[in-house]
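Okay, so here's the structure we're looking at.
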Amino acid sequence: MQIVDAHQHLWDLDRFRYSWLDSLPPLNRSFRMPDYLAAAEGLNLVKSVHLEADVDEPDMLEETRHLLALADQPDNPLEGIVACGRPESEDFRSYVDQIAGHRRLKGIRRGLHTQADEVGQGVRFINNVASLSDYGLSFDICVLARQLPVAINLVSKCPDVVFILDHCGVPQVKEKNLDPWRSYITEIARFPNVSCKISGLVAYADPQRWTAEDLRPFVEHAIASFGWDRVLFGSDWPVCTLSASYRQWVEALQAITQGAGDLNQKKLFYDNAVRLYRLS
């Protein structure tokens, strides 16, 4: 089965600064394209989408330009870039103007899981996200499970924007806390312009003792809520390596979904990412 990875990261610490890595020693080194290709070796990975990795703000524009240039090279599977952005900033649109129009730029993300809830609730934030429809760009939502009401409020006010919810809304997998995450997912899935990335879950599981069955109730509820046409696979590499190898996560998700049949698995692992991120 061909795989489109809708959620990979790269960071080169010789080029850019990522302050958040200081508190995560296992990830506090460079992860470059050759490392990614080695991690995915043998899995029939054919395309990927790079998600911003919270580079320090002074480096945002240059990091985005660097990644767009990397995606233009023919020696790697990278076909889409979801760039970092600060919709809460009054300069947001002028920033987007500097990167818009590149055929590999697919969307913007502002990680809200590390921010106060008020950031994603601000009028300027919401208006700037709404403006992404003018550029033909999507918005990736990254919130903690308890912040899903913030995401629900955002998507309700931006009906013309394509939204992709990262990491199934970051449920507490290790703690096996299905509620109230479950009801929030049901609610946000009612918006037809929102899709859900089946990613990140293994990184939130018990790093030493997780099994595919630990992940199953979260995967199955997300798919039941959004349907097979609005879910897409993401590795969340290298963050997934906190708990699992790239291959272990892929094989776990394949095992969880194997009963759904080849057609639905192809939607999850390939078709939906190509459509939603407008890949070639």
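The values are calculated or read from the model by the stated rules, or taken from the named source; none is laboratory data. Since we're looking at a predicted model, the values are computed, not measured. Positions of Cβ are generated from backbone atoms using ideal geometry, with glycine treated the same way; all protein chains shown enter the neighbour counts. Accessible surface is based on the protein model in full, side chains and every heavy atom, while ligands, DNA and RNA are left aside. Shrake-Rupley method; radii C 1.70, N 1.55, O 1.52, S 1.80 Å.
Calculate the all-directions average of the projected area of the range 132-280's alpha-carbon convex hull, and give it in nm².
8.5 nm²
Between residue 133 and residue 260, what length in nm is gained on full extension when 0.36 nm per residue of separation is reduced by their alpha carbon distance?
Once the chain is fully extended between residue 133 and residue 260, it gains 42.4 nm.
Need one number: the % of Cα-Cα pairs in the range 215-257 sitting beyond the 12 Å mark.
More than 12 Å apart: 62 percent of the Cα pairs in the range 215-257.
Once R0 is set to 25 Å, what does the formula 1/(1 + (r/R0)^6) return for the Cβ-Cβ distance between residue 14 and residue 275, expressed as a FRET efficiency to the nearest 0.05?
About 0.10, to the nearest 0.05.
Describe numerically, in nm with one decimal, the distance between label points set 7 Å from Cα along Cα→Cβ at residue 89 and at residue 251.
The answer from the label model is 4.3 nm.
Please figure out what share of the DSSP beta bridges in the chain is antiparallel and state it in percent, rounded to the nearest 5.
Antiparallel bridges make up about 5 percent of those DSSP assigns within the chain.
Measuring from label point to label point, each 7 Å out along Cα→Cβ, what is the residue 62 to residue 160 span in nm?
3.6 nm
Would you calculate, for the chain, the mean residue ellipticity at 222 nm contributed by helices, counting each DSSP H stretch of 4 or more residues as -39,500 (n - 2.57) and dividing by all residues, to the nearest 500?
It comes out at -9500 deg cm²/dmol, rounded to the nearest 500.
Please give every one of the lysines within straight-line cross-link reach of residue 47, meaning a C-alpha to C-alpha distance under 24 Å, and leave out same-chain neighbours fewer than 8 residues apart.
Cα-Cα hits under 24 Å: 106, 197, 266, 267.
Roll a 1.4 Å probe over the protein chains and send me the accessible area per residue for the chain in Å².
Solvent-accessible surface per residue comes out at 41 Å².
Residue 220 label point, 7 Å along Cα→Cβ, cut-off 17 Å on backbone N: hits in the range 251-275?
Answer for this model: 252-261, 265.
Considering the chain as a Gaussian network with a 10 Å cut-off on Cα pairs, which listed residue, 65, 110, 29, attains the greatest mean-square fluctuation?
Residue with maximal mean-square fluctuation among 65, 110, 29: 29.
In the range 105-122, which residues have a backbone nitrogen under 20 Å from the label point lying 7 Å from residue 28's Cα in the Cα-to-Cβ direction?
Those under the cut-off are 114.
Identify the GluC sites (Glu not before Pro) of the range 168-250 meeting these criteria: DSSP loop state and at most 12 other C-beta atoms within 10 Å of the C-beta.
Loop-located and lightly packed - 175.
At 1.4 Å probe size, with the rest of the protein present, what percent of the exposed accessible area of the chain is carbon and sulfur atoms?
48 percent
Just one of [x] 46; [y] 60; [z] 76 is percent of Cα pairs over 24 Å apart calculated from these coordinates, so which is it?
Derived directly from the coordinates: [x].
Who wins for biggest fluctuation among 82, 55, 129 in a Gaussian network model of the chain, springs between alpha carbons below 10 Å?
Highest fluctuation of the listed residues: 55.
Taking 45 Å as R0, compute the FRET efficiency from the Cβ-Cβ separation of residue 97 and residue 176 and round it to 0.05.
Approximately 0.50, to the nearest 0.05.
Pick out, in residue order, every one of the GluC sites (Glu not before Pro) in the range 5-81 that is DSSP loop and has at most 15 other C-beta atoms within 10 Å; say none if there are none.
Those satisfying the criteria are 41.
So, counting K/R as plus one and D/E as minus one, what does the shell of residues with Cβ under 11 Å around residue 89 add up to?
Value of the local net charge: 0.
Please give me the summed charge of the neighbours of residue 268: other residues whose Cβ is under 13 Å from its Cβ, Lys and Arg +1, Asp and Glu -1.
Cβ neighbours under 13 Å give a net charge of 0.
Kindly provide the pair-distance distribution of the range 57-181 built from C-alpha pairs, with 10 Å bins from 0 and whole-percent values in order of increasing distance.
Calculated over all Cα pairs of the range 57-181, the distribution is 13, 41, 32, 13, 1 percent.
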